[in-house]
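Contents: one structure, followed by commentary.
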Amino acid sequence: MRTQLLLPALRALHEELGIPVNYGKERGLKLQPEATELVGVGLDILGREQKLAASTALAWEMLRATAAAEGIALQLVSGFRSIEYQTSIIRRKLAKGQPIQDILKSSAAPGYSEHHTGRAADITTPWSEPLEEAFERTTAYAWLRREGERFRFRMSFPRDNPHGVVFEPWHWFHFG
């Protein structure tokens, strides 16, 4: 598990960013291993190449194709994110003046993001703003709630989750 080897570096990084020492324990979140073997799954909604772990890539393609056959368009917003990329997200938000406590309600601390594993996908549909709670009101979301488990995807952060993370109807984790 590559993340465990980075633990001292993560501690120093968290200290630098102002992330509490007990972040993971307090939130009930585990360190996530950073994937080393990834498969390209095409472009996201911004035209960036996205990658997922092999089993997740296959499940994503099956999920998307099945949804499309039922008239539901699913689009990828984000797949794999390295610890370095997650750090850049936090740094950008800090530079805009957001307090770290607020940032950690919508962005996992580096080392704790399910995206590090290559098994998380942020999903949208052409008729919804990406990464917005309004996704909850789409037929795509209703379809995912009904059919996601069949493809071994679950929503990680439902409303009022115990991790202190905002409701993220777009964030789905492949547990297969």
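No value in this document is a laboratory result; all are computed from the given coordinates. This is a predicted model, so every value here is computed, not measured. Please note: Cβ atoms are built from the backbone with ideal geometry, for glycine as well, and neighbour counts cover all protein chains shown.
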Cα-based radius of gyration of segment 126-176 once divided by 2.2 N^0.38 Å, which approximates compact folds = 1.11
inquiry  = Once each part is reduced to its C-alpha centroid, what is the distance from segment 10-45 to segment 86-160 in angstrom?
reply    = 13
inquiry  = Output wanted: per-residue J couplings in Hz (rounded whole) for segment 129-140, from phi through Karplus 6.51 cos²θ - 1.76 cosθ + 1.60, θ = phi - 60°, x for Gly and Pro.
reply    = 5, x, 6, 10, 4, 4, 4, 4, 8, 9, 5, 5
query = So what's the net charge close to S156: Lys and Arg +1, Asp and Glu -1, counting the other residues with Cβ under 11 Å from its Cβ?
reply = -1
inquiry  = Can you work out the Karplus-derived ³J(HN,Hα) for every residue in segment 17-25? Use 6.51 cos²θ - 1.76 cosθ + 1.60 with θ = phi - 60°, whole Hz, and x for glycine or proline.
reply    = 7, x, 7, x, 4, 9, 3, x, 5
query = Computed on alpha carbon atoms, what radius of gyration and Dmax characterise segment 77-176, expressed in Å?
reply = 13.7, 42
key: Sites R145 and M62 - FRET efficiency at Förster radius 22 Å, r taken between beta-carbons, to 0.05   = 0.80
note = Taking placed amide H atoms and a strict 5 Å upper bound, the residues 5 or more places from G42 or on another chain that come that close are Q50
note = Semi-axes a, b, c in Å (a largest) for segment 25-67, each sqrt of 5 times a Cα gyration tensor eigenvalue, come to 24, 14, 12
ask   = Using only the Cα atoms of the chain, what do you get for the radius of gyration and for Dmax, in Å?
value = 16.0, 48
message = Please list, ordered by chain and number, the residues whose modelled amide H lies under 5 Å from the amide H of Q75; skip anything fewer than 5 residues away on the same chain.
response = T124, T125
request  = Work out from phi, with θ = phi - 60° and the Karplus expression 6.51 cos²θ - 1.76 cosθ + 1.60, the ³J(HN,Hα) of each residue of segment 39-55, listed in order in whole Hz, and give x for Gly and Pro.
outcome  = 10, x, 10, x, 8, 8, 5, 9, x, 8, 5, 10, 10, 9, 4, 3, 5
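Test of understanding: given the chain, find the longest segment containing no GluC sites (Glu not before Pro) that are in a DSSP loop and have at most 10 other Cβ atoms within 10 Å. Mind showing how you got there, number by number?
Values: sites that count: E37, E70.
Result for the longest clean stretch: 71-176.
Could you tally the net charge around R64, taking each other residue with its Cβ under 12 Å from the Cβ of R64, Lys/Arg +1 and Asp/Glu -1?
Numbers: positive: none; negative: E61, E70, E147.
Net charge around R64: -3.
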query = So which trypsin sites (Lys or Arg not before Pro) in segment 65-158 are both in a DSSP loop and have at most 14 other Cβ atoms within 10 Å of their Cβ?
reply = K96, K105
request  = Give me the lysines in straight-line cross-link reach of K25: C-alpha distance below 25 Å, same-chain residues under 8 apart excluded.
outcome  = K93, K105
